[in-house]
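**Q** Structure in structure tokens, see below.
The values are calculated or read from the model by the stated rules, or taken from the named source; none is laboratory data. Since we're looking at a predicted model, the values are computed, not measured. Cβ coordinates were reconstructed from backbone atoms using ideal geometry, including for glycine residues, and neighbour counts include every protein chain displayed. In case anyone asks, the SASA skips ligands and DNA or RNA and just uses the protein heavy atoms, side chains included. Shrake-Rupley method; radii C 1.70, N 1.55, O 1.52, S 1.80 Å.
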Amino acid sequence: MIVRLVKMSFKAEEVATFEALFAKYHQQIRNFPGCTALQLLKDGHTYFTYSHWEKAQDLENYRNSELFKEVWPATKVLFAKAAEAWSTEQRYDL
């Protein structure tokens with residue numbers, strides 16, 4: 001299983017816009033083939049998406065999808081600074 005963590009810092013005035021975007025698209029992302037979990041975490045104006053993917057190819061398919069091409073450009077224009085992302089392999093689930 002692949003666990004993807006994306007850290008995004010937003011301009012204060014764009015937080016509500018991002019939350020509306022996430023509300024609009026989260027079900028489509030969660031239901032994308034291979035996605036088994038999706039969470040949104042918040043700390044001030046910094047948000048993290050935490051998603052589980054059955055395999056790396058599923059995440060790659062999402063990143064090359066029309067859905068991603070719609071969501072990501074609309075999201076990244078709201079950033080206060082560049083996003084950071086990690087794709088990790090789950091080792092234990094305790």
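**Q** Quick check: is even one residue across segment 7-22 assigned to a helix (DSSP H, G or I), open to solvent by 30 Å² or more (accessible area, probe 1.4 Å) and β-branched (Val, Ile, Thr)?
**A** Among the residues of segment 7-22, at least one is assigned to a helix (DSSP H, G or I), open to solvent by 30 Å² or more (accessible area, probe 1.4 Å) and β-branched (Val, Ile, Thr), which makes the answer yes.
**Q** In this structure, is Asp43 of a type in the set (D, E, K, R) and under 14 Å from Val3 (Cα atoms)?
**A** Here the answer is no, as Asp43 does not meet what is asked.
**Q** Only residues that are open to solvent by less than 60 Å² (accessible area, probe 1.4 Å) and either farther than 18 Å from Arg91 by Cα or free of Cβ contacts under 8 Å to residues at least 24 places away in the same chain (or both): list them for segment 41-54, please.
**A** Gly44, Thr46, Tyr47, Phe48, Thr49
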